[in-house]
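See structure below.
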Ligand SMILES: NC(=O)c1ccc[n+]([C@@H]2O[C@H](COP(=O)([O-])OP(=O)(O)OC[C@H]3O[C@@H](n4cnc5c(N)ncnc54)[C@H](O)[C@@H]3O)[C@@H](O)[C@H]2O)c1
């Protein structure tokens, strides 16, 4: 895969954005697009008749162009980018349709369901010379940024673990998946592991399974051991059916390097302890850059800002597709390992 080269938007006007998908997360993105001074919300589309119209009305946007056809809205409104908030099964089709019309894409995770789909999407971005990035909102959480800086003090890393234990019954679609933890949630932790460690995946051994007490028909729990570049071993253990105390939704973390160990509970400030004779500093969370958004969805505003800056300057945002496909590859290789029982190389 080559690195990103995409056309910038130089016109002296706000960037025009269309939202695809008017479900839960589409409703979280709309206020972000409305709040950004350099963006104009130009339309909203959803395949379910009336859904985009109802979502727009709920925000007082009675005149916003809406519809069920993405191509009609793209042709009619000529946006600079779409925010792809559709279900994962539609990500490939929606993203490639936009890119082929010269429209950049900021997509919700995961990039796609399969690695083959994702590769085709990256090719479509290259061929159209448009920016295609995936929003991984955890990367922008202030606690994760502080933990990443703290882990940066530890020197070469040897081991990193994250645990994710949530007793979750909220989303009906999870009950339709064969491996609901790996297929839906794990990418947040896998991508965070890449962000925090600066390392990329090499190979994985994973077991995905169903504890006796779970309420899910599928394998809602998993343990994966990743070999990462530099010899780091990253271990993930998690469950959607935690019978006891939950972790945070960003997990609970531990990293060990030559100079010491850093811990993070996934919410507050990280803590660090130096190895004998070493000095390491635990970084604190910085002040919230968007204090007025207290009730908005964490990390979206920062991701939008990076994407808009990217479209204006040519600087690739975090989550740019050539990079983000490596996080998806962690998921697809873990699934393959779980199905075959074999240690599996992680390739993009
Ligand atoms: N970053 C996060 O923490 C986070 C949280 C929730 C959801 N998500 C992601 O956001 C995406 C959407 O999740 P959701 O919870 O909003 O789902 P949802 O089911 O509430 O909404 C999805 C919407 O997309 C519409 N849709 C489906 N195919 C379409 C198409 N081809 N064109 C236009 N619209 C289409 C559906 O009709 C539905 O209204 C998923 O990829 C999910 O993983 C991310």
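The values are calculated or read from the model by the stated rules, or taken from the named source; none is laboratory data. For clarity, every value in this text was computed on a predicted model and none was experimentally measured. Heads up, the Cβs are rebuilt from the backbone with ideal geometry, glycines too, and the neighbour counts pull from every protein chain shown.
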Quiz item: Which of the residues spanning the stretch 88-102 are within 14 Å of the ligand (Cβ to nearest atom) and either at pLDDT below 95 or touching a strand residue (DSSP E or B) at 6+ places or on another chain (Cβ under 7 Å) (or both)?
Solution: 88, 89, 91, 94, 95, 98
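Yes/no matrix, rows are residues, columns are (1) closer than 27 Å to residue 299 by Cβ; (2) assigned by TED's automatic domain parsing to the domain that holds residue 130; (3) within 16 Å of the ligand (Cβ to nearest atom); (4) modelled with pLDDT of 95 or more:
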residue: 33; (1), (2), (3), (4): yes, yes, yes, yes
residue: 39; (1), (2), (3), (4): yes, yes, no, yes
residue: 44; (1), (2), (3), (4): yes, yes, yes, yes
residue: 63; (1), (2), (3), (4): no, yes, no, yes
residue: 73; (1), (2), (3), (4): yes, yes, yes, yes
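Hey, could you check the stretch 36-56 for residues that are outside any strand (DSSP E or B) and touching a helix residue (DSSP H, G or I) at 6+ places or on another chain (Cβ under 7 Å) and say which is nearest to residue 77 (Cα to Cα)?
46
Can you confirm whether residue 9 is within 11 Å of the ligand (Cβ to nearest atom) and over 19 Å from residue 318 (Cβ atoms)? Please lay out each step first, then the result.
Working: within 11 Å of the ligand (Cβ to nearest atom): no; over 19 Å from residue 318 (Cβ atoms): yes.
When the stated conditions are applied, residue 9 does not pass them.
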Quiz item: Does the stretch 140-154 contain any residue that is closer than 29 Å to residue 70 by Cβ and touching a residue at least 24 places away in the same chain (Cβ under 8 Å)?
Solution: yes
Exercise. For the stretch 282-304, state whether one or more residues are within 16 Å of the ligand (Cβ to nearest atom), outside the structural domain of residue 30 (by TED's automatic domain parsing), buried (at least 18 other Cβ atoms within 10 Å of the Cβ) and over 25 Å from residue 80 (Cα atoms).
Key: no
Self-check item: Which listed residue is crowded, with 18+ Cβ neighbours inside 10 Å, in contact with a helix residue (DSSP H, G or I) (Cβ under 6 Å, 6 or more places away or on another chain), part of a loop (DSSP other than H, G, I, E, B) and in the same structural domain as residue 229 (by TED's automatic domain parsing), from 192, 199
Solution: 199
Quiz item: Can you spot a residue in the stretch 14-31 that is away from the ligand (no atom under 12 Å from the Cβ), at pLDDT 95 or above, in contact with a helix residue (DSSP H, G or I) (Cβ under 8 Å, 6 or more places away or on another chain) and part of a loop (DSSP other than H, G, I, E, B)?
Solution: no
Quiz item: Of all the strands (runs of 3 or more DSSP E) wholly in the stretch 85-167, which have at least 3 residues that are in the same structural domain as residue 73 (by TED's automatic domain parsing), touching a helix residue (DSSP H, G or I) at 6+ places or on another chain (Cβ under 7 Å) and surrounded by 24 or more Cβ atoms within 10 Å (Cβ to Cβ)?
Solution: 104-108, 132-135
